[in-house]
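**Student:** Dropping a structure here in structure tokens format, bear with me for questions.
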Amino acid sequence: MSRICKVLIVENDDFVRILLADIFEQEGYGFSTVATGAEMRQALDEDDFDIVVIDVTQPGQEDGFALAQIARGQGCGAILVTGDHRHLERLEQSGQHYLLKPFRMPQLLEIADKILVEIAAQCVRRTRDDGSFFPVRTG
């Protein structure tokens, strides 16, 4: 099955980044991967994404929470991912979609589908070449 949406994966761990990419590829999502927040910013400037999957623990000054806010400002849905359960309370209070590692593929895809429904409710008739819609940008 082919899905008309694009996912950006922001993960500094090579193994996890490849695993996430494999999951989305198997499900027919378009995707790109980056390792850092700076690369995420560049990717968001160069292309339109529907969902950004972000590891909470990031190198540098910005954590995944800050990067999720940037992604949402670009009209993307965000999924925060962490293996550090010390972030659980902050994740629950943030109102963000999130997954705790280790997670199962159906959990990730269920959240991705939920975000796509949320985005669809906010879409405008600005189409891509393939006929899909871009989300509304708020910035």
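**Student:** Working only within region 4-60, note down all residues that are outside any helix (DSSP H, G or I), in contact (Cβ under 8 Å) with a residue 60 or more places away in the chain and in contact with a Leu (Cβ under 8 Å, 6 or more places away or on another chain).
**Tutor:** If the condition is that a residue be outside any helix (DSSP H, G or I), in contact (Cβ under 8 Å) with a residue 60 or more places away in the chain and in contact with a Leu (Cβ under 8 Å, 6 or more places away or on another chain), then 5, 8, 11, 27, 50, 51 are the ones that fit.
**Student:** Being hydrophobic (A, V, I, L, M, F, W, C) and either modelled with pLDDT of 95 or more or farther than 18 Å from residue 6 by Cβ (or both) is true for just one of 54, 115, 119. Which residue is that?
**Tutor:** Details: 115 fails: either modelled with pLDDT of 95 or more or farther than 18 Å from residue 6 by Cβ (or both); 119 fails: either modelled with pLDDT of 95 or more or farther than 18 Å from residue 6 by Cβ (or both).
None of the other options fit; the residue is 54.
**Student:** Determine if region 79-88 includes at least one residue that is of a type in the set (Gly, Ala, Ser), within 11 Å of the chain's Cα centre (by Cα) and modelled with pLDDT under 95.
**Tutor:** no
**Student:** Test each condition in (1) open to solvent by less than 10 Å² (accessible area, probe 1.4 Å); (2) closer than 18 Å to residue 119 by Cα; (3) in contact with an Asp or Glu (Cβ under 8 Å, 6 or more places away or on another chain); (4) of a type in the set (A, V, I, L, M) for residue 20 and report the one that comes out false.
**Tutor:** All conditions pass for residue 20, except number (2).
**Student:** Sticking with this one: Can you tell me which condition residue 104 does not meet? The list is (1) modelled with pLDDT of 85 or more; (2) in contact with a helix residue (DSSP H, G or I) (Cβ under 7 Å, 6 or more places away or on another chain); (3) of a type outside the set (A, V, I, L, M), and all the others hold.
**Tutor:** Against the list (1) modelled with pLDDT of 85 or more; (2) in contact with a helix residue (DSSP H, G or I) (Cβ under 7 Å, 6 or more places away or on another chain); (3) of a type outside the set (A, V, I, L, M), residue 104 comes up short only on (2).
**Student:** Could you please let me know if residue 82 is among the hydroxyl-bearing types (Ser, Thr, Tyr), without any contact (Cβ under 8 Å) to a residue 60 or more places away in the chain, open to solvent by 50 Å² or more (accessible area, probe 1.4 Å) and over 21 Å from residue 116 (Cα atoms)?
**Tutor:** Against the criterion (among the hydroxyl-bearing types (Ser, Thr, Tyr), without any contact (Cβ under 8 Å) to a residue 60 or more places away in the chain, open to solvent by 50 Å² or more (accessible area, probe 1.4 Å) and over 21 Å from residue 116 (Cα atoms)), residue 82 does not qualify.
**Student:** Hey, could you check region 33-47 for residues that are surrounded by fewer than 18 Cβ atoms within 10 Å (Cβ to Cβ) and touching a Lys or Arg at 6+ places or on another chain (Cβ under 8 Å) and say which is nearest to residue 105 (Cα to Cα)?
**Tutor:** The extreme case among them is 35.
The values are calculated or read from the model by the stated rules, or taken from the named source; none is laboratory data. These numbers were taken from a predicted model, which means no experiment stands behind them. In this analysis, Cβ positions are derived from the backbone assuming ideal geometry, glycine residues included, and neighbour counts consider all displayed protein chains. The area values use the complete protein model at the heavy-atom level, side chains included, leaving out ligands, DNA and RNA. Shrake-Rupley method; radii C 1.70, N 1.55, O 1.52, S 1.80 Å.
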